[in-house]
Structures are given as C-alpha cells and as structure tokens.
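Reading through the structure tokens given below for one structure.
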Amino acid sequence: MLADDLAWVVASDLGNIVPTEALAVTIRCAVLQQFALNLNLATELNDGERPENVMVAVTWQVAKMLDWLVRHQPAMASHSIGLIVGEAERELKLSRRTSIRALRTALVMDGKLPDHAYDAFFDRAFPPGDE
C-alpha cells in the first residue's frame, strides 16, 4: 500500500524530479555530437572525402535515455527528435532519412518498447513524405 502511494506521488511529480526539458536538450546535444563523430570518422577512413552514403549511429547509453523520454514524455521526445533531424540536416548535411533511420534503429535495439511502438511513434512524428 505504501509503495503504491509512493509510486503515485513520484509519477505525479515526475517533472520536478527529472528535469525533462534539460534531459531533452542533453540528449539532442549527445546525438548530434555522435552523428558528427561518425561523419568525421567516415571521412577520415575515406581518405578525407566524405562518403556519399554515410551511416550514423547512437550509443546504447544515449539510446536508453532517448527511450526513457519517448516512454515518459512522448510529445517532448517527438519535438526533440524533430530538432535533431532538422539540425543534422542543416549543420551536418545529413539527410532526414539517414538521421531518422539512425534514431529509429537505436530505439528498436536498445529501447524497452516493442518495435511496432517505435514505428507508430515515428509515423506520428514524421508523417509519410516527411522523411
């Protein structure tokens, strides 16, 4: 009984316990840094020329934090992912498709939800034709 009450108190005050806005910004910065590192490595391995079809990835630790945001603050996660994709496109010259694929793959591999839940999440965040 006490554990149930405590769980409700924590759930109702989650925004004050976990600074979700700061977490979202931290995740965005981490993902973009990892994308940039991936691009730099791919360029170095290709004799200083950026490969035409480059792949980027997210570490499992960052993917787990993004997954937490998706599960507990889906609107904020959707907004953050949109910012990541837009900034990666503008600053890193990554296609939207490449960034979205990397984020979706990271969540499917390291998240707690079933694959179809992430598919539905990305379908809402990026309607057909938006990728």
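The values are calculated or read from the model by the stated rules, or taken from the named source; none is laboratory data. Quick caveat: nothing in here was measured; it's all calculated off a predicted structure. Glycine also receives a Cβ, built like all others from the backbone with ideal geometry; neighbour counts cover every protein chain displayed. Remember, those area values only see protein heavy atoms, side chains included, never the ligands or the DNA or RNA. Shrake-Rupley method; radii C 1.70, N 1.55, O 1.52, S 1.80 Å.
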Problem set entry | Hits in region 79-100 - residues which are within 14 Å of the chain's Cα centre (by Cα) and closer than 20 Å to Thr43 by Cα | Glu87, Ala88, Arg96, Arg97, Thr98, Ser99
For this session: Could you tell me whether region 51-68 includes any residue that is under 14 Å from Ala125 (Cβ atoms) and of a type in the set (A, V, I, L, M)?
Result: yes
For this session: Taking only region 66-80 into account, find how many residues are under 19 Å from Arg97 (Cα atoms) and either basic (Lys, Arg) or surrounded by fewer than 21 Cβ atoms within 10 Å (Cβ to Cβ) (or both).
Result: 2
Problem set entry | Residue satisfying condition, being under 14 Å from the mean Cα position of the chain (by Cα), under 21 Å from Leu103 (Cβ atoms) and at pLDDT 95 or above, within set Ala36, Ala63, Ala42 | Ala63
Seminar exercise, completed: Selection from region 47-64 of residues open to solvent by 80 Å² or more (accessible area, probe 1.4 Å) and not in a loop (DSSP other than H, G, I, E, B) yields Trp60, Gln61, Lys64
Exercise. If you take the residues of region 101-131 that are modelled with pLDDT of 95 or more and part of a loop (DSSP other than H, G, I, E, B), which of them is surrounded by the most Cβ atoms within 10 Å (Cβ to Cβ)?
Worked result: Gly111
Problem set entry | Matching residues, region 81-100, being open to solvent by 10 Å² or more (accessible area, probe 1.4 Å) and either touching a residue at least 24 places away in the same chain (Cβ under 8 Å) or not in a helix (DSSP H, G or I) (or both) | Gly82, Leu83, Glu87, Glu91, Leu92, Lys93, Ser95, Arg96, Arg97, Thr98
